[in-house]
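Single-structure report; data block below.
The values are calculated or read from the model by the stated rules, or taken from the named source; none is laboratory data. Everything numeric in this text was worked out from a predicted model, so none of it was measured. Glycine gets a Cβ as well: all are built from the backbone with ideal geometry, and neighbour counts include every protein chain shown. Areas reflect the complete protein model, heavy atoms only, side chains present, ligands, DNA and RNA absent. Shrake-Rupley method; radii C 1.70, N 1.55, O 1.52, S 1.80 Å.
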Amino acid sequence: MMGAQGLVLSAPRGWLWGAAAVAALGVLLGAWRWTRGRAAGRRRRPGRLQRVGTVSSLFVYPIKSCQGVAVQRARVTPMGLQSGEMRDRFWLVIKEDGHMVTARQEPRLVLISTGCENGYLTLSAQGMKKLCLPVKLPRKNPVQNCRVFGLDIQGRDCGDEVAQWITTFLNSEPYRLVHFEPSMVPRKSKDVINLFRTTDEVAYPDCSPVLIISEASLEDLNTRLEKKVKIQNFRPNIFVSDCSAFEEDNWEDILIGDVEMKGTVCCGRCILTTVDPDTGVLDRKEPLETLKSYRLCDPSERHIYKSSPLFGRYFAIDRTGTIQVGDPVYKMIE
């Protein structure tokens, strides 16, 4: 390998090579900065990157409130993470009148594990036979009008077999499963929380395509609890290491892999965090009560979060691409 002195002593050929290398580097850097700036139809001013963490885990939750699937790599779309044919919260359990059902009402939903095999979504649970249903549903299956946090959205009915399977496992009133299809109209995140942009959209997630939490935040919380909780209590998409507790609260524009995301609001927490992911038992107290003791918002933000404690941060997608476990997390500084 040639050192800096070698470049000087071998002029003029070495000088020419060095100049060419510098010029090429300048072109590449300029192109990279321009590419970064294409997000959301606007061009960013050239900035710098500051490493703030490392992706330690990635999770996709095909059915809202059911178990997540840990993946090594995921495609980040405008509407959230995708791994193969599994898309984040693109399936939803509903009542027969179309209203959503989550672990807030049926905590044992968290005991249903999901996966995807050869074009089929799979459901498994203790005491139940494994069920497979096609990701691409027959067109004859009716489209249901659904309600998710007071907003209308459609879903194609997944059929009687899976409806009976879920109803039997939960020992509940009749429930059905629906699937969001690309031709359907998504919900606007801004209609849930006004701080999102008009371009930010989701299928069945609460309000945002991506939720990020740091390992340090979870560790900080667990130092205050008698019974430790898992990251599964909080259901993030991206779990990040190598940063301090709650540092993610202050991330605005970040870069992971070739994906750009924009921080919007923190995640206000509810009783779903008190569902034990291993037993499906709703505690209603912890870790929510402990979070309320030290993670309430500033009084100036009560119109956003009300009395909900904050844990994790929501992100919208500025540029799509691929991320994987081990990727550095960079903060983009203008």
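Some points to look at:
- Rounded to the nearest 20, the Cβ-based charge dipole of segment 190-334 about its Cα centre (Lys and Arg +1, Asp and Glu -1) stands at 580 debye.
- Residue pairs, from the table 227/285; 64/140; 188/262; 64/292, whose Cα atoms sit over 18 Å apart: 64/140; 64/292
- Shape class of segment 187-306 from the Cα gyration tensor (axes a ≥ b ≥ c, square roots of the eigenvalues): prolate, since a/c reaches 1.5 or more and a/b is larger than b/c.
- If you take all other residues with their beta carbon under 15 Å from the beta carbon of residue 180, and give Lys and Arg +1 and Asp and Glu -1, the sum is +2.
- Per residue, segment 195-235 exposes 42 Å² of solvent-accessible protein surface, assessed with a 1.4 angstrom probe and all protein chains in place.
- Only Cα pairs under 8 Å and 6+ residues apart enter the sum, and on that basis the relative contact order of the chain stands at 22 percent.
- Kirkwood hydrodynamic radius over Cα pairs of segment 49-193, then Stokes diffusion coefficient at 10 °C and 1.306 mPa s, in µm²/s: 99
- Whole-Hz couplings from phi, Karplus 6.51/-1.76/1.60, listed for segment 161-167; x for Gly and Pro: 4, 6, 4, 5, 4, 5, 4
- Heavy atoms of residue 149: accessible area, 1.4 Å probe, square angstrom to 10: 90
- Entries in 228/306; 130/190; 95/130 that, when Cα-Cα distance is taken, lie over 30 Å: 130/190
- Accessible surface calculations at 1.4 Å, restricted to protein heavy atoms, place segment 249-334 at 42 Å² per residue.
- Dipole of segment 64-119, positive direction: furthest Cα of 78, 91, 65, with charges on the beta-carbon: 78
- Per-selection metrics, the chain (Cα): Rg and Dmax in Å: 22.9, 83
- For the chain, built as a Gaussian network whose Cα springs stay under 10 Å, the top-fluctuating residue of 106, 301, 96: 301
- Expressed as a whole percent, the accessible surface of the chain that belongs to carbon and sulfur atoms is 52, based on a 1.4 Å probe.
- Entry comment: accessible area of segment 51-177 is 45 Å² per residue, from protein heavy atoms only and a probe of 1.4 Å.
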